[in-house]
Amino acid sequence: MIKYIGSKRALLGHVTGAVRAALPDGGTVCDLFSGSARVGHALKGQGFRVWSNDHNAYAHTLATAYVQADRERWTDKAETVLAELRTLTPEAGWFTKAFCEDARFFHPDNGARIDVMRTRIEAMGLEPELKAVVLVALMEAADRVDSTAGLQMAYMKRWAPRALKPLELRLPDLLPGVAAGACRATQGDAVEIADQVEADLVYLDPPYNQHSYLANYHCWESLVLWDKPETYGIANKRVDVRTRKSPFNSRPGIGPALQSVVERLKTPNLIVSFNDEGYLSRDDLTAMLSARGHVQVVEIARPRYVGARIGIHNRKGEKVGAVGRLRNVEHLFVVTPEPLSLPVAA
């Protein structure tokens with residue numbers, strides 16, 4: 001899967017373990033802020049019926065491929081499409097100009113490959129799930145040859161070695177359908193759809209500070225939408241990054257927004273993932289969640305993302321800021337009618 005700040009790759013065991021503790025006989029799990037779709041993919045792999053939701057188009061596409069699409073239905077068709085895309089002659093276009101020349105997230109040789117493949121995908125008239133699988137294959141191929149530290153806010157002063165390798169399409173790791181029923185992916189604002197959510201357990205992993213996922217991964221949004229938007233700044237971000245704001249990226253906004261979501265969900269079990277660099281404290285969240293049931297908290301210390309460990313540099317590649325702390329703590333708030341036996345509770 002793509003590199004993703006806030007990804008739960010290293011925390012999957014904790015998250016899925018807490019879900020299994022709450023739902024030992026299986027059930028339906030809604031991941032309301034699905035992001036990279038790692039959690040939904042892992043839960044589908046364990047037999048849960050998963051509903052993944054996110055408001056960004058690229059995240060919805062990831063969830064459509066990794067949660068909604070079933071391996072047995074799409075593998076052969078996707079391989080046929082990918083085989084055709086591999087034969088195309090590279091041709092530079094909007095993507096190359098925006099993200100390989102004006103900005104330098106990808107080498108122009110790979111930009112030309114991305115341009116011709118993405119243009120062909122749009123012309124194919126693929127069924128939505130198949131299109132999502134193919135787009136994820138292209139997104140992941142581009143991610144493997146990018147020249148960033150993991151965010152699309154800045155790029156390397158010199159090409160990263162991987163950026164000089166030719167882009168290579170691979171079939172995403174699709175999962176077979178689950179016996180519990182069809183999984184699904186939706187694209188919606190969590191605050192707006194909270195009262196429509198009914199599940200055996202809801203997992204919440206909201207943005208927790210000022211950093212916008214749309215701003216951090218604007219190249220993927222533009223690749224998926226293929227709307228060739230007006231851009232701005234050194235990173236050539238989509239101009240709608242300025243207007244598509246989330247209350248979860250606001251210190252005064254996050255509390256009321258999360259409270260609204262928590263109060264309206266129809267579920268007996270709730271798991272909330274929140275970082276100690278976030279706008280809300282452990283005490284804030286415990287107080288908010290206690291109205292829904294018994295709250296247990298699991299603490300997991302993790303290294304910070306690579307960009308934070310490298311430090312802050314200016315446009316000339318000169319370090320201009322000091323590196324802060326190198327580790328942070330992820331909290332899992334497990335809210336259930338009765339206490340559970342969890343691996344590590346604090």
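Annotations
- Residues that are open to solvent by less than 10 Å² (accessible area, probe 1.4 Å), part of a strand (DSSP E or B) and β-branched (Val, Ile, Thr) are absent from the range 6-27 altogether.
- Selection from the range 238-256 of residues that are of a type in the set (S, T, N, Q) and either part of a loop (DSSP other than H, G, I, E, B) or without any contact (Cβ under 8 Å) to a residue 24 or more places away in the chain (or both): Thr243, Ser246, Ser250
- Odd one out for Trp159 among (1) crowded, with 19+ Cβ neighbours inside 10 Å; (2) among the aromatic types (Phe, Trp, Tyr); (3) part of a loop (DSSP other than H, G, I, E, B): (1)
- Only residues that are open to solvent by 10 Å² or more (accessible area, probe 1.4 Å), touching a residue at least 12 places away in the same chain (Cβ under 8 Å) and assigned to a helix (DSSP H, G or I) were counted in the range 265-285, giving 2.
- Any hit, the range 170-181, residues being part of a helix (DSSP H, G or I) and either open to solvent by 60 Å² or more (accessible area, probe 1.4 Å) or under 25 Å from Ile271 (Cβ atoms) (or both): no
- Within the range 60-92, considering residues that are out of contact with any strand residue (DSSP E or B) (no Cβ under 9 Å at 6 or more places or on another chain) and acidic (Asp, Glu), the one nearest to Val116 (Cα to Cα): Glu91
- Test: residue in the range 60-69 that is closer than 22 Å to Leu151 by Cα, under 16 Å from the mean Cα position of the chain (by Cα) and open to solvent by 10 Å² or more (accessible area, probe 1.4 Å): yes
- Every residue from the range 186-237 that is crowded, with 17+ Cβ neighbours inside 10 Å, touching a residue at least 40 places away in the same chain (Cβ under 8 Å), more than 28 Å from Arg49 (Cβ to Cβ) and over 19 Å from the mean Cα position of the chain (by Cα): Thr231, Ala235, Asn236
The values are calculated or read from the model by the stated rules, or taken from the named source; none is laboratory data. None of these values were measured; they are calculated from a predicted model. Positions of Cβ are backbone-derived with ideal geometry, glycine not excepted, and every protein chain shown enters the neighbour counts. For the accessible areas, the whole protein counts, side chains as well, though only heavy atoms, and no ligand, DNA or RNA atoms are used. Shrake-Rupley method; radii C 1.70, N 1.55, O 1.52, S 1.80 Å.
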